[in-house]
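Asks: Quick one: this structure, given as structure tokens, is what I'll be asking you about.
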Amino acid sequence: MLYSVKMRAARHAAHEHGGKHISGAERIVNMDNVTTVVNSMIERAFKHSRGQADFIQIKLETVADDIEYVPLLAVRNVNCDDVFAGREIAYAELVAAGVSPVAAQRGFAELSGLTGSMRGAMLLCCLTGLRLDDQGQRGIRVANMDIADEQVYDTWLTAQQINNTHVREALVLASKVAWSEYIIAELCWSDDPEYTTGYVSSKHGYVRISNLKEAGNEIGGRIFFLTPDCDVTAVSNYLQDHPVLVAAGKKEI
Ligand code: WAQ
Ligand code: MG
């Protein structure tokens, strides 16, 4: 039996009562592994670089039978000297993926304009850059996803010298997101103060950029650029609820 496991942690109060988002995680795991995974999620919320959580919610649900297998995105690494250069590279990648220049600029403005980290992602139109979801500071949280074969993935990440928790989770998330025919690109940087690497992903791959944020900055976020006229509710449902396992080694998109 497979379970979807979701964790969200905050400080000072629950998210919905204005608390600071500390950490979140979502996995799909075998019943036998649920306890181990839940323990490590709690550990992570207690020992997070954003602060120690005092609100933690864990949700377990059996996964529906209609699991979809999607390919892992190909990874490219780009090094740059500073955030200015990093964001220029990210901008060019977004435009190359089909995001309009104005929408790409709005994406950066949205993320740079945040006064605190969101728990989820903003959905923006890839042509106009206008916000399409109505989730405000919460955003849309992608869940119900995991890697299909953890051992193969682990070995591959180590061989690429990119085996850390950030990459392990972000690449799975980005692969699920890119699989939607209505999402043409994603822009992300972490809300963990020490982690400056961010990425732009699309159906063409996952481009890691070494500096998308200044070290010490606690504000991160994600933007998904959606095709104009798509059904925003259906896309949100796919992101939040549709179970996806990402298959490393499966043919790249
Ligand atoms: N669904 C939607 N948005 C999310 C999710 C999710 N499951 N998880 C995080 N976010 C949003 C939310 O606004 C967070 O504040 C923000 O993203 C950053 O989350 O290749 O660590 O978990 O080296 O801090 C990217 C680079 C790291 C990895 C991203 O994100 C690499 C990272 P974090
Ligand atoms: Mg984080």
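Asks: Using 0.36 nm per residue of separation minus the Cα-Cα distance, give me the extension gain between ALA64 and ILE42 in nm, one decimal.
Replies: Difference between extended and current length: 5.4 nm.
Asks: Could I ask something else about it? Run lengths n ≥ 4 of DSSP H only: what is the helix-derived mean residue ellipticity at 222 nm for the chain, with -39500 (n - 2.57) per run over all residues, to the nearest 500?
Replies: Working: 6 runs with 75 residues, N = 253.
So the calculated ellipticity at 222 nm is -9500 deg cm²/dmol.
Asks: Expressed as a whole percent, how much of the Cα-Cα distance distribution for the chain exceeds 29 Å?
Replies: 25 percent
Asks: Please give the solvent-accessible surface of LEU130 in Å², to the nearest 10, using a probe radius of 1.4 Å with every protein chain present.
Replies: 90 Å²
Asks: Holding the Cα-Cα limit at 22 Å, pick out from LYS176/LYS203; LYS59/LYS203; LYS20/LYS59; LYS6/LYS176; LYS59/LYS213; LYS59/LYS176 the pairs that are longer than that.
Replies: Violating the 22 Å Cα-Cα cut-off are LYS59/LYS203; LYS59/LYS213.
Asks: A further question on this structure: Say the dipole of the chain comes from +1 at the beta carbon of Lys and Arg and -1 at that of Asp and Glu; which of VAL99, ILE56, ALA178 then lies farthest toward its positive end?
Replies: The listed residue farthest towards the positive side: ILE56.
Asks: Along the Cα-to-Cβ line of ALA74, 7 Å from the Cα, sits a label point; which residues in region 90-116 have backbone N less than 14 Å from it?
Replies: none
Asks: Per-residue HN-Hα couplings for region 51-61, Karplus 6.51 cos²θ - 1.76 cosθ + 1.60 at θ = phi - 60°, whole Hz, x for Gly and Pro?
Replies: Rounded to whole hertz, the list is x, 8, 6, 10, 10, 9, 10, 10, 10, 10, 9.
Asks: Please report, as a whole percent, how much of the solvent-accessible surface of the chain comes from carbon and sulfur atoms (probe radius 1.4 Å).
Replies: Summing carbon and sulfur atoms, their accessible area is 49 percent of the total for the chain.
Asks: Here's another thing I want to ask about it. Mind telling me which of TRP156, TRP189, TRP179 comes out most flexible in a GNM of the chain, alpha-carbon contacts under 10 Å?
Replies: TRP156
Asks: Something else: With springs connecting C-alpha atoms under 10 Å apart, model the chain as a Gaussian network and identify which of ASN237, ASN39, ASN211 has the largest mean-square fluctuation.
Replies: ASN39
Asks: How large is the accessible surface per residue of the chain, computed with a 1.4 Å probe and reported in Å² as a whole number?
Replies: Normalised by residue count, the accessible surface of the chain is 47 Å².
Asks: HN-Hα J couplings of region 20-27 from phi, Karplus 6.51/-1.76/1.60, θ = phi - 60°, integer Hz, Gly and Pro as x?
Replies: Per-residue couplings from phi come out as 7, 5, 9, 6, x, 7, 9, 9 Hz.
Asks: OK, next. Could you give the length gained by full extension between MET31 and THR233, i.e. 0.36 nm per residue of separation minus their alpha carbon distance, to one decimal place?
Replies: 69.7 nm is the gain from fully extending MET31 to THR233.
Asks: What does the C-alpha gyration tensor say about the overall shape of region 18-72? Classify as rounded when a/c is under 1.5, otherwise prolate if a/b is larger than b/c, or oblate.
Replies: In terms of gyration-tensor shape, prolate.
Asks: For the charge dipole of the chain, defined by +1 on Lys and Arg C-beta atoms and -1 on Asp and Glu C-beta atoms about the Cα centroid, which residue among ALA148, TYR69, TYR206 has the Cα displaced farthest towards the positive pole?
Replies: It is TYR206.
Asks: A follow-up question, please. Which distance in nm do the two modelled labels at ASP81 and GLN57 give, with both placed 7 Å along the Cα-to-Cβ direction?
Replies: 4.6 nm
Asks: At 0.36 nm per residue, minus the direct Cα-Cα distance, what do LEU127 and MET1 gain on full extension? Give it in nm, one decimal, please.
Replies: Values: separation 126, 0.36 × 126 = 45.36 nm, distance 4.20 nm.
Taking 0.36 nm per residue and subtracting the Cα distance, the gain is 41.2 nm.
The values are calculated or read from the model by the stated rules, or taken from the named source; none is laboratory data. Quantities reported herein were computed from a predicted structural model and do not represent experimental measurements. FYI the Cβ positions are ideal-geometry reconstructions off the backbone, even for glycines, and counts take in every protein chain you see. All accessible areas refer to the heavy atoms of the entire protein, side chains included, with ligands and DNA or RNA removed. Shrake-Rupley method; radii C 1.70, N 1.55, O 1.52, S 1.80 Å.
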